Amino acid sequence: MIHVALSADKAYTVPLALCLHSMVQTAAPGTEYHFHILDSGVDRALVERGHFKHLTWYNVEEELRGLPQSPRYPTSIYHRYLLPRIIPAEIDRIFYLDCDTQVLEDLSDLFYSDLKGHPMAAAPWEVLGHYRQEYGQYIRNFPSRFELPDDGTPYFYSSQLLMDLNAMRAMNATAGLIELTEKHTRALIWPDQDVLNAYFRGNILSLPLRYNVIPLFANQLENESAEAEEAFAHPAIIHFAATKPNILTGPRNEMETAFFLLWQQSPWKREIPYPLISLAYMPRPVARLLNTVFKALIPFPSLLHLLGKGLAAIRKLTRKEA
């Protein structure tokens with residue numbers, strides 16, 4: 001049995017369901033997944049349209065509310081800290097996965113891979129092309145933010161974590177991660193990710209880049225490593241970091257095309273797959289109305305794309321006037 005954990009709130013109910021669906025769809029014969037869902041407000045009935053065979057819910061909505069949060073980083077980002085504590089003791093290994101991902105192949109080889117004595121494996125932070133200029137500063141100043149030696153230790157994403165739960169339990173990692181978050185509140189840029197990197201610094205095994213392929217970088221491969229080129233040619237997990245598939249634009253690259261196909265052939269094909277960021281900055285009654293309209297228009301993508309262009313023009317005009 002392959003144990004996989006994910007964390008979501010109500011807004012990410014459909015992405016969660018589609019991520020689970022992608023794993024089931026790509027499982028090899030004989031592979032069985034047990035999904036452990038850290039629930040902070042998920043619409044469970046909506047998820048269970050997928051009739052997932054092994055699914056356990058953990059109500060963590062009231063957990064860790066005292067840790068720093070924002071509209072971009074809700075409390076649910078910290079719930080992965082809880083895994084060593086709340087997953088049953090007889091389970092000694094779990095793969096944590098952000099729900100803004102799509103799995104493209106069976107995860108057995110990854111799940112049973114040798115951790116070589118490390119409590120955790122994760123995908124190394126790899127920002128490609130001109131995005132290095134935008135994001136690189138936060139990696140360069142990470143050691144100083146956490147009062148750590150600048151010794152070249154790699155920095156890792158927290159979106160995919162293969163965890164040795166027994167090793168983490170022996171470290172009392174849940175309490176340690178919470179304490180470190182509270183101690184370094186002002187130092188946080190990517191909150192849970194920064195803390196996990198600081199707490200496990202020098203003790204994280206690198207996963208191949210193909211387990212964290214980010215579509216944002218797909219056109220930034222010139223002069224990049226052979227591993228990066230291979231990862232984008234044959235991704236195992238697509239991570240929609242920074243930019244999410246948007247029904248108002250339709251697919252913007254091959255990876256989003258694969259996602260939209262998964263969505264359109266799923267039990268959630270009449271649900272908006274990802275929250276529309278453009279609505280987050282509108283008055284709530286207007287956002288609710290537009291959300292209802294967009295959902296009704298899902299069978300008519302050309303109309304959705306036309307409305308999307310209209311909204312983009314309005315936002316552009318509003319910014320100019322401001």
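The values are calculated or read from the model by the stated rules, or taken from the named source; none is laboratory data. Owing to the predicted nature of the structure, the values given are computational and were not obtained by experimental measurement. Cβ atoms come from the backbone with ideal geometry, glycine included; neighbour counts cover every protein chain shown.
Among the β-branched types (V, I, T) and buried (at least 21 other Cβ atoms within 10 Å of the Cβ): which single residue out of V195, V127 fits that description?
Exactly one residue qualifies, and that residue is V195.
Look through segment 123-173, keep the residues that are among the small types (G, A, S) and free of Cβ contacts under 8 Å to residues at least 24 places away in the same chain, and return whichever of them is farthest from L188 (Cα to Cα).
A170
Picking from L6, L104, L97, L18, which residue would you name as being hydrophobic (A, V, I, L, M, F, W, C), out of contact with any Gly (no Cβ under 6 Å at 6 or more places or on another chain) and more than 22 Å from L209 (Cβ to Cβ)? First the steps, then the outcome.
Working: L6 fails: more than 22 Å from L209 (Cβ to Cβ); L104 fails: more than 22 Å from L209 (Cβ to Cβ); L97 fails: more than 22 Å from L209 (Cβ to Cβ).
Only one candidate qualifies: L18.
Going by what's in this entry, would E48 be described as touching a Gly at 6+ places or on another chain (Cβ under 9 Å), farther than 16 Å from L188 by Cα and of a type in the set (D, E)?
Here the answer is no, as E48 does not meet what is asked.
Cβ contacts < 6 Å: first residue surrounded by fewer than 16 Cβ atoms within 10 Å (Cβ to Cβ), restricted to segment 16-34; second residue assigned to a loop (DSSP other than H, G, I, E, B), any location; separation 6+ or different chain. Result?
Final answer for the pair search is A28/D106; T31/D106; E32/M1.
Residue by residue through segment 1-35, note down the ones that are over 21 Å from L82 (Cα atoms) and among the acidic types (D, E).
Answer for segment 1-35, where residues must be over 21 Å from L82 (Cα atoms) and among the acidic types (D, E): just E32.
Exactly one condition in (1) surrounded by fewer than 18 Cβ atoms within 10 Å (Cβ to Cβ); (2) modelled with pLDDT of 90 or more is false for S158; which is it?
(1)
So how many residues does segment 220-240 have that are under 19 Å from Y138 (Cβ atoms) and either among the small types (G, A, S) or in a loop (DSSP other than H, G, I, E, B) (or both)? If you could, list the steps in order and put the result at the bottom.
Narrowing segment 220-240 to residues under 19 Å from Y138 (Cβ atoms): 220, 239.
Okay, now just the ones that are also either among the small types (G, A, S) or in a loop (DSSP other than H, G, I, E, B) (or both), so 220.
Qualifying residue count for the region: 1.
If I go through segment 189-219 residue by residue, how many of them are part of a helix (DSSP H, G or I), free of Cβ contacts under 8 Å to residues at least 40 places away in the same chain and more than 17 Å from the chain's Cα centre (by Cα)?
Summing the residues that are part of a helix (DSSP H, G or I), free of Cβ contacts under 8 Å to residues at least 40 places away in the same chain and more than 17 Å from the chain's Cα centre (by Cα) in segment 189-219 gives 1.
Between residues in segment 74-98 that are within 12 Å of D39 (Cα to Cα) and outside the structural domain of M168 (by TED's automatic domain parsing) and residues that are part of a loop (DSSP other than H, G, I, E, B) and β-branched (V, I, T), which pairs lie under 8 Å by C-beta distance while being six or more apart or on different chains?
So the pair list comes out empty.
Does Y58 count as over 27 Å from N197 (Cβ atoms), in contact with a strand residue (DSSP E or B) (Cβ under 7 Å, 6 or more places away or on another chain) and not basic (K, R)?
When the stated conditions are applied, Y58 does not pass them.
Going through segment 179-190 one residue at a time, which ones are touching a helix residue (DSSP H, G or I) at 6+ places or on another chain (Cβ under 6 Å) and not aliphatic (A, V, I, L, M)?
Across segment 179-190, the qualifying residue is only T181.
Any residue at all in segment 271-286 that's of a type in the set (K, R) and modelled with pLDDT of 85 or more?
no
If you take the residues in segment 220-229 that are in contact with a helix residue (DSSP H, G or I) (Cβ under 9 Å, 6 or more places away or on another chain) and free of Cβ contacts under 8 Å to residues at least 24 places away in the same chain, which one is nearest to Y157 (Cα to Cα)?
So, considering only residues that are in contact with a helix residue (DSSP H, G or I) (Cβ under 9 Å, 6 or more places away or on another chain) and free of Cβ contacts under 8 Å to residues at least 24 places away in the same chain, the one nearest to Y157 (Cα to Cα) is E227.
Identify, please: which residue in segment 287-306 is assigned to a loop (DSSP other than H, G, I, E, B) and surrounded by 15 or more Cβ atoms within 10 Å (Cβ to Cβ) and is, among those, nearest to the chain's Cα centre (by Cα)?
I298
Within the set of pairs 6 or more residues apart or between chains, which connect a residue that is among the polar types (S, T, N, Q) inside segment 290-314 to a residue that is in a helix (DSSP H, G or I) with Cβ atoms less than 7 Å apart?
N291/L279
Got at least one residue in segment 249-256 being crowded, with 17+ Cβ neighbours inside 10 Å, outside any loop (DSSP other than H, G, I, E, B) and modelled with pLDDT of 90 or more?
yes
Among residues belonging to segment 267-286 that are under 20 Å from the mean Cα position of the chain (by Cα) and closer than 23 Å to T26 by Cα, point out the one that is surrounded by the most Cβ atoms within 10 Å (Cβ to Cβ).
P273
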